[in-house]
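Before any comments, here is the structure.
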């Protein structure tokens, strides 16, 4: 067994054991963090591995969230069919917006993706009779189950989040080591050279965006299903910034960076909010210091200095 795969399995086993060791408060937090880490892993595929700096991933997160929540709320679908709707919705949104956004590059790409996300947020507000706007709506506990497993319970929620995280981590770990993943890294490092070598760069960037958006959409669907709530606030600008922060903190282009960044950011805000009302100022100062002194993120710096095999 290679070392990256062994590390991934150890992390998964540690997360599984954590439920039986941690207090209820922290195990509940960790379930939420794992879902957000999946969201950041989807973002990392576009930004960390392909070099596509998007500011609009909240659109995909919300597409998955509303794909599941609206189909359960208004079409009375059960969890599995609703999850399929969420996957299709997020893949379609990612495919269409990706094809349009990739007609630009650089700063223009960032602006276009941000505009798409803002359009999605305004759409959720406009159709308030279905989405309930910023107020959102709650999914009944009775419908939040799969194969008889109650996903609203602490154990059901935690291990459902763990399964989603584990499957996503293993898939991305295999993908980035496969020829397709290596091509994405080549595009990130030198797009002109990748083009010169005969790769269809535009097509691969589009496929990376579709995969990234679908994974992010799946995280949105899981968030709605496990925590029983869907609202337009998840389509707003902050939810496009959060995955970028998680990836930058943990280490762009590392498979476990999104998890490390999500844990760090979540508890930084949680702990500082217990000390001062200006907790976002504290978080901002810490983020600036980390960006200045560890520009490659926590795991990125660890890989560069001491553990070169770190995936």
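Bear in mind that the values in this text are calculations on the coordinates, not laboratory data. Note that the structure is predicted; figures quoted are calculated from it, not measured. With ideal geometry, Cβ positions are generated from the backbone for all residues, glycine too; neighbour counts draw on all protein chains shown.
With each pseudo-label sitting 7 Å past Cα toward Cβ, what's the residue 84-residue 129 distance in nm, one decimal? It works out to 2.9 nm between the two label points.
The overall shape of segment 1-96, judged from the alpha-carbon gyration tensor, is oblate: a/c is not under 1.5, and a/b is no greater than b/c. Here the Gaussian network model covers the chain, with springs between Cα atoms less than 10 Å apart; of 232, 211, 174, 174 fluctuates the most. Its DSSP H runs of at least 4 residues, each contributing -39,500 (n - 2.57), put the calculated 222 nm mean residue ellipticity of the chain at -24500 deg cm²/dmol, to the nearest 500. Comparing 16, 278, 160 in a Gaussian network model of the chain (Cα springs below 10 Å), the most mobile by mean-square fluctuation is 278. Put in order of Cβ neighbour count within 10 Å, fewest first, the listed residues 127, 61 become 127, 61. Arranged from fewest to most other beta-carbon atoms within 10 Å of their beta carbon, 306, 206 become 306, 206. Would you give the gap between the C-alpha center of segment 1-22 and the C-alpha center of segment 31-54, rounded to a whole Å? That distance is 20 Å.
Working from Cα pairs under 8 Å separated by at least six residues, relative contact order for the chain is 32 percent.
Applying 0.36 nm per residue to the separation of residue 271 and residue 153 and subtracting their alpha-carbon distance, the gain on full extension is 39.9 nm. Between 168, 50, 123, the residue with the greatest mean-square fluctuation in the GNM of the chain (Cα pairs under 10 Å linked by springs) is 123. The alpha carbon centroids of segment 126-149 and segment 256-276 are separated by 27 Å.
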